[in-house]
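**Student:** Questions regarding the structure given below will be posed in turn.
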């Protein structure tokens with residue numbers, strides 16, 4: 001069965017429900033109310049060794065309510081959108097608010113700041129909804145088959161998964177905002193396995209993957225191309241070994257580089273600042289990275305994975321420069337975190353919220369700007385170092401900036417990728433990592449909502465074997 005199309009009528013229906021809930025909350029005694037309604041469906045088709053392993057199609061509709069009364073707030077949610085159920089929910093939520101501690105900062109935004117209109121960002125592809133489970137399975141089978149056929153050393157598989165998500169979001173507030181939009185997203189991931197018998201005494205399994213994703217079906221890479229790239233990346237890890245402990249250049253592949261950019265946001269947002277849980281507190285306007293580093297959060301890119309026309313407070317979204325040529329800009333804030341930080345600070349239109357939670361700062365399309373250098377030229381320019389394709393573990397302390405992660409990739413010698421490397425750790429203070437970026441490539445692609453090109457850090461500590 002193909003998915004149910006998300007139409008403009010769907011959005012209007014959700015907006016009507018959201019406005020009704022706001023009215024009911026006010027009648028129940030709320031000073032202010034905010035209602036988020038989401039309607040979504042997803043399809044997942046997974047195969048392994050050519051056989052279906054999972055086909056799952058599900059839909060859901062839910063409403064989240066936040067009420068404020070006497071400076072106290074409460075948040076609830078439900079999947080029952082009938083009027084009598086909503087009336088009961090509103091009454092219960094107002095009662096819960098009366099039991100909460102007052103919070104002078106937990107007030108709705110100034111109605112004058114709410115979005116009066118918002119752009120059409122082309123986030124929905126009807127063709128994604130037309131995909132049925134049979135077609136999705138064929139794509140997954142084709143991707144895995146291409147990986148296994150490409151190289152005889154691909155001896156097994158973790159499988160291949162084709163998935164899609166369709167959704168509509170509506171938001172309404174007692175301040176007068178009401179709006180909604182729809183979106184689609186589809187992806188295919190292929191995960192081959194190889195037997196590594198380089199050392200017969202300790203044979204190992206080597207796994208790898210490749211993927212494609214887009215809001216639009218026509219923009220996905222062909223399934224066989226995804227499988228071939230997955231096989232190439234997996235086979236390339238055969239014979240991985242450690243290298244000696246040393247200081248050397250570290251080049252981050254885009255798959256890993258985007259994780260570094262995501263880490264920047266984790267310490268450059270209003271919530272981490274007011275909680276004093278970031279080593280960057282007090283450094284807005286200061287040089288915190290190499291001048292080669294510019295990071296923007298741009299929710300207004302048409303068709304992009306993280307785009308949205310308004311934020312979780314009902315404010316218009318806008319492009320924000322998080323890091324400008326190494327200088328930390330104003331951190332991303334929602335209304336609450338901006339008030340907590342004080343000094344007349346305003347929201348950057350960066351609020352996000354789940355159905356059952358309060359708003360908080362989030363990212364949309366968080367992008368490190370591309371450089372002008374070709375990736376191959378960047379590698380040729382690296383005399384000795386590690387090209388990192390994967391990081392493991394969670395070794396980052398946001399308060400001190402200490403960063404230490406398990407890594408694997410390829411050794412660079414004389415400007416060439418020579419042999420695969422694994423079972424090593426790379427470490428440095430995150431402040432030093434950002435400031436030591438000395439080369440940025442031009443290979444930026446926007447498959448996910450956080451993206452970065454290949455870049456090089458001049459030196460980090462690599463812990464491997466002792467000399």
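The values are calculated or read from the model by the stated rules, or taken from the named source; none is laboratory data. Note that the coordinates shown come from a computational prediction; the quantities given were computed from them, not determined experimentally. Note: ideal-geometry Cβ built from the backbone for every residue, glycine included; neighbour counts use all protein chains shown.
**Student:** Taking the condition of being closer than 14 Å to residue 47 by Cβ and buried (at least 22 other Cβ atoms within 10 Å of the Cβ), how many residues in segment 147-158 meet it?
**Tutor:** Of the residues in that region, 2 qualify.
**Student:** Working only within segment 254-287, note down all residues that are surrounded by fewer than 20 Cβ atoms within 10 Å (Cβ to Cβ) and assigned to a strand (DSSP E or B).
**Tutor:** The answer is 287, and nothing else.
**Student:** Restricting to segment 3-51, and then to whatever is assigned to a strand (DSSP E or B) and more than 28 Å from the chain's Cα centre (by Cα), can you tell me which residue is farthest from residue 131 (Cα to Cα)? Please lay out each step first, then the result.
**Tutor:** Filtering segment 3-51 down to residues assigned to a strand (DSSP E or B) leaves 32-48, 51.
If we keep only those that are more than 28 Å from the chain's Cα centre (by Cα) too, we end up with 32-33, 51.
Details: 32: 41, 33: 38, 51: 19 Å.
Within segment 3-51, the match that is farthest from residue 131 (Cα to Cα) is 32.
**Student:** Tell me, please, whether a residue that is over 23 Å from the mean Cα position of the chain (by Cα) and over 30 Å from residue 219 (Cβ atoms) can be found in segment 387-398.
**Tutor:** no
**Student:** Evaluate segment 438-460: report whether one residue or more is more than 23 Å from residue 363 (Cα to Cα) and not in a strand (DSSP E or B).
**Tutor:** Scanning segment 438-460, I find no residue that is more than 23 Å from residue 363 (Cα to Cα) and not in a strand (DSSP E or B), so the answer is no.
**Student:** Looking only at residues that are in a loop (DSSP other than H, G, I, E, B) and either in contact (Cβ under 8 Å) with a residue 24 or more places away in the chain or in contact with a strand residue (DSSP E or B) (Cβ under 8 Å, 6 or more places away or on another chain) (or both) in segment 74-96, which one is nearest to residue 33 (Cα to Cα)?
**Tutor:** Step one: list which residues in segment 74-96 are in a loop (DSSP other than H, G, I, E, B), which gives 79-82.
Okay, now just the ones that are also either in contact (Cβ under 8 Å) with a residue 24 or more places away in the chain or in contact with a strand residue (DSSP E or B) (Cβ under 8 Å, 6 or more places away or on another chain) (or both), so 79, 81.
Numbers: 79: 18, 81: 16 Å.
Restricting to residues being in a loop (DSSP other than H, G, I, E, B) and either in contact (Cβ under 8 Å) with a residue 24 or more places away in the chain or in contact with a strand residue (DSSP E or B) (Cβ under 8 Å, 6 or more places away or on another chain) (or both), the top hit is 81.
**Student:** Right, something else. With the structure loaded, tell me whether residue 345 is in a loop (DSSP other than H, G, I, E, B), within 18 Å of the chain's Cα centre (by Cα) and more than 24 Å from residue 64 (Cβ to Cβ) or whether it fails that test. Steps first, please.
**Tutor:** Values: in a loop (DSSP other than H, G, I, E, B): yes; within 18 Å of the chain's Cα centre (by Cα): no; more than 24 Å from residue 64 (Cβ to Cβ): yes.
Criteria not met by residue 345.
**Student:** Sticking with this structure for a sec: Which one of the conditions (1) under 30 Å from residue 211 (Cβ atoms); (2) free of Cβ contacts under 8 Å to residues at least 60 places away in the same chain; (3) more than 29 Å from the chain's Cα centre (by Cα) does residue 56 fail to meet, given that it meets all the rest?
**Tutor:** Among (1) under 30 Å from residue 211 (Cβ atoms); (2) free of Cβ contacts under 8 Å to residues at least 60 places away in the same chain; (3) more than 29 Å from the chain's Cα centre (by Cα), residue 56 violates only (3).
**Student:** Another question, if that's okay. If I go through segment 178-236 residue by residue, how many of them are part of a loop (DSSP other than H, G, I, E, B) and touching a strand residue (DSSP E or B) at 6+ places or on another chain (Cβ under 7 Å)?
**Tutor:** Taking segment 178-236 as the starting set, the residues that turn out to be part of a loop (DSSP other than H, G, I, E, B) are 197-203, 208-209, 215-216, 220-222, 236.
If we keep only those that are touching a strand residue (DSSP E or B) at 6+ places or on another chain (Cβ under 7 Å) as well, we get 203, 208-209, 215, 220-221, 236.
Residues meeting the conditions: 7.
**Student:** Condition check: in contact (Cβ under 8 Å) with a residue 40 or more places away in the chain and within 30 Å of residue 461 (Cα to Cα). Does residue 196 satisfy that? Don't jump to the end; show me each part of the working.
**Tutor:** On the way: in contact (Cβ under 8 Å) with a residue 40 or more places away in the chain: yes; within 30 Å of residue 461 (Cα to Cα): yes.
Yes.
**Student:** Consider segment 109-158. How many of its residues are over 29 Å from residue 334 (Cβ atoms), part of a loop (DSSP other than H, G, I, E, B) and in contact (Cβ under 8 Å) with a residue 12 or more places away in the chain?
**Tutor:** Within segment 109-158, the subset over 29 Å from residue 334 (Cβ atoms) is 125-158.
This time we only want the ones that are part of a loop (DSSP other than H, G, I, E, B), so: 125, 131-132, 151-153.
Among the residues that remain, those that are also in contact (Cβ under 8 Å) with a residue 12 or more places away in the chain are: 125, 131-132, 151, 153.
The total comes to 5.
**Student:** Next question, about the same structure. Scan segment 415-438 and give yes if some residue there is at pLDDT below 95, touching a strand residue (DSSP E or B) at 6+ places or on another chain (Cβ under 8 Å), crowded, with 18+ Cβ neighbours inside 10 Å and not assigned by TED's automatic domain parsing to the domain that holds residue 216, otherwise no.
**Tutor:** For segment 415-438, residues at pLDDT below 95, touching a strand residue (DSSP E or B) at 6+ places or on another chain (Cβ under 8 Å), crowded, with 18+ Cβ neighbours inside 10 Å and not assigned by TED's automatic domain parsing to the domain that holds residue 216: present.
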